[in-house]
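What follows is calculated from the coordinates using simple rules that are stated; it is not laboratory data. All figures in this text were calculated on a predicted structure; none of them were measured in a lab. All Cβ positions, even for glycine, are placed from backbone atoms using ideal geometry, and neighbour counts span all protein chains on display.
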Amino acid sequence: LQSKQPHIGTTIFTVMSKLANDHGALNLSQGFPNFECSPKLIELVEKYLRKGMNQYAPLSGIQPLREIIAQKTSELYGISYHPDLEVTIVSGATEALYAAITAVVQTGDEVILLEPNYDSYEPAVRLNGGIPVYVTLTPENNYQIDWSVVKAKITDKTKLILLNTPHNPTGTVMSKDDLEQLASIVKDTNIFIVSDEVYEHIIFDGHSHWSPIRYPELQKRTFVCGSFGKTFHVTGWKVGYCLAPQQLSEEFRKVHQWLTFSTVTPIQYALAEFLQEPDNYLSISQFYQEKRDKFIACIQGSRFEWIPASGSFFQCVNYSKITDENDLALAQRLTKEIGVASIPVSAFYHQKNDYKTLRFCFAKDDQTLEIAGERLSKL
Ligand code: PMP
Ligand code: GLN
C-alpha cells in the first residue's frame, strides 16, 4: 500500500499519554479531566438507556437536543438557528471539523490556518485536496493575530479560514476587535469560516466569548464546531454539534451522513435534559478559572514563565530559564525523570517551531496539581 498520508504519525496526545502511563507519570499532557462528571448526568444516561433509547438517532440528531442548543445560542448571543435545518449533532468536534472542511474544500483550494493549531485541521484539509496556508503566531506577543498578515495570505483560491477560540494550545481568546478586522477582510469574498469553539464555556477573567456568529458578515459563512466533552467533563462520549446557516448545514449533513450517519442516542437525550439547566454549563468557567489559579499557584516558585490562560483548560509555560533542550526532548525527559507529562507546543506548528514552551492540562484534581507543581518547582 502506498500511504496516502506518509508524513503522518501517531498524534502527540496519544504518544505523551502512553509515555505517561509507561512511566507512571502524572498525565498533564492529553486534554482530559481526571475527575468525574456530574452524577446527575450519569443518572440521565442510565435513565435513557433503560427507557430503550438504543436505536439509531435521526441523521441530524434528536430534536430536543437540537432545540436546546438553538435556544442556548439564541440566549447567549442573540442569533437564531433553526433547530431542524441549521443544527446538526455529530460524534465529537473532530467529526464536525472534518465534515465542515470536507463540505467546502475542493482540490486546489487554499485554507488559512493560524498556527499553533489543533492537530486534526491540516490532515482534514489535505485529505480533501486542499492546500494549507499558514499564518504563524508566536509567544512574543502572546499569540496575537496580525490581521494584515492574514489579509496578505488571501488569494483568489482561498476557500476557508479556520479559527479556534478559546484556543488550544495557547489559552488565548479572540476579541471583538479580532472579529471586526476579520469581518472587514472577508467582506465581498466567498471565503467560508470554520470556527472551533469546543472551549466556549471555559473562559476566564470576565472575558466574553467572541464567536464569529456575533457578526452577520461572518455568521452567514461560518460553521461553528462545538463539543460537550469539554463542557461536561466527558471527553470519552464524543458528542458534538455544528451550527451553520441552512445551505451550509445541508452540505455539512451530506458529509455527516456518510461519515457516521448519526450519533449515540441515549447520550443525546441525557445531554438535552442536562442542558435545560443553564447553570450546568455557565458554572464551568468559574470552576476552571479556579483550577487555572490553583495550577499557577503550584508552579509559582518554579523557574517557568507564563501569561495566565484566558480560556481552555491548558496553561502554556516558557522554560528558557531552566534549559535549552528542545521542547519535545524536555517533555519526554520530565515524564520519565520527574513523573510529570506535558505536550511540547512545537507539535502544533507544521514546521515544529520550538519556542521553548510546554502545555500543561490543568483539568486535574487539586492533589494532582499540587504534586505536579512540587515536582516542577524543583527544576
Ligand atoms: N478542537 C479542539 C481545539 C480540541 O482541543 C479538541 C479536543 N479534543 C477537539 C477539537 C476535538 O473534540 P472532540 O473530542 O469532541 O472530538
Ligand atoms: N484535545 C485534546 C488535547 O488537545 C486531545 C484529543 C486527542 O487526544 N485527540 O489534548
Check: C-alpha center region 109-158 vs C-alpha center region 184-198, spacing in Å is 12 Å
Per the helix-only model, the chain has a calculated mean residue ellipticity at 222 nm (DSSP H runs of ≥4, -39500 (n - 2.57) each, divided over all residues, rounded to the nearest 500) of -11500 deg cm²/dmol
For 218, 259, ascending order of other Cβ atoms within 10 Å (fewest first) is 259, 218
Extension length gain for residue 50 and residue 84 (0.36 nm per residue less Cα distance), in nm, is 9.6 nm
Expressed in nanometres to one decimal, the distance between label points 7 Å along Cα→Cβ at residue 378 and residue 187 is 5.8 nm
Phi angles of region 27-40, converted by Karplus (6.51 cos²θ - 1.76 cosθ + 1.60, θ = phi - 60°) into ³J(HN,Hα) in whole Hz with x for Gly and Pro, give 9, 9, 8, 4, x, 7, x, 9, 10, 7, 7, 4, x, 4
Residues 133, 198 in order from fewest to most other beta-carbon atoms within 10 Å are 133, 198
Region 210-227 scanned against label point 7 Å out from residue 11 along Cα→C-beta; backbone N under 20 Å for 224-227
Relative contact order of the chain (C-alpha contacts under 8 Å, at least 6 apart) in percent is 25 percent
The distance between the Cα centres of region 284-321 and region 324-379, in whole Å, is 12 Å
Scalar couplings 3J(HN,Hα) for region 142-153 by Karplus 6.51 cos²θ - 1.76 cosθ + 1.60 (θ = phi - 60°), nearest whole Hz, x for Gly and Pro, are 6, 6, 5, 8, 8, 5, 5, 5, 4, 4, 5, 8
Shape descriptor, region 152-275: equivalent ellipsoid semi-axes (Cα gyration tensor, sqrt 5λ, whole Å, largest first) stand at 26, 20, 12
Ranked on Cβ counts within 10 Å of their own Cβ, fewest leading, 295, 232, 261 go 261, 232, 295
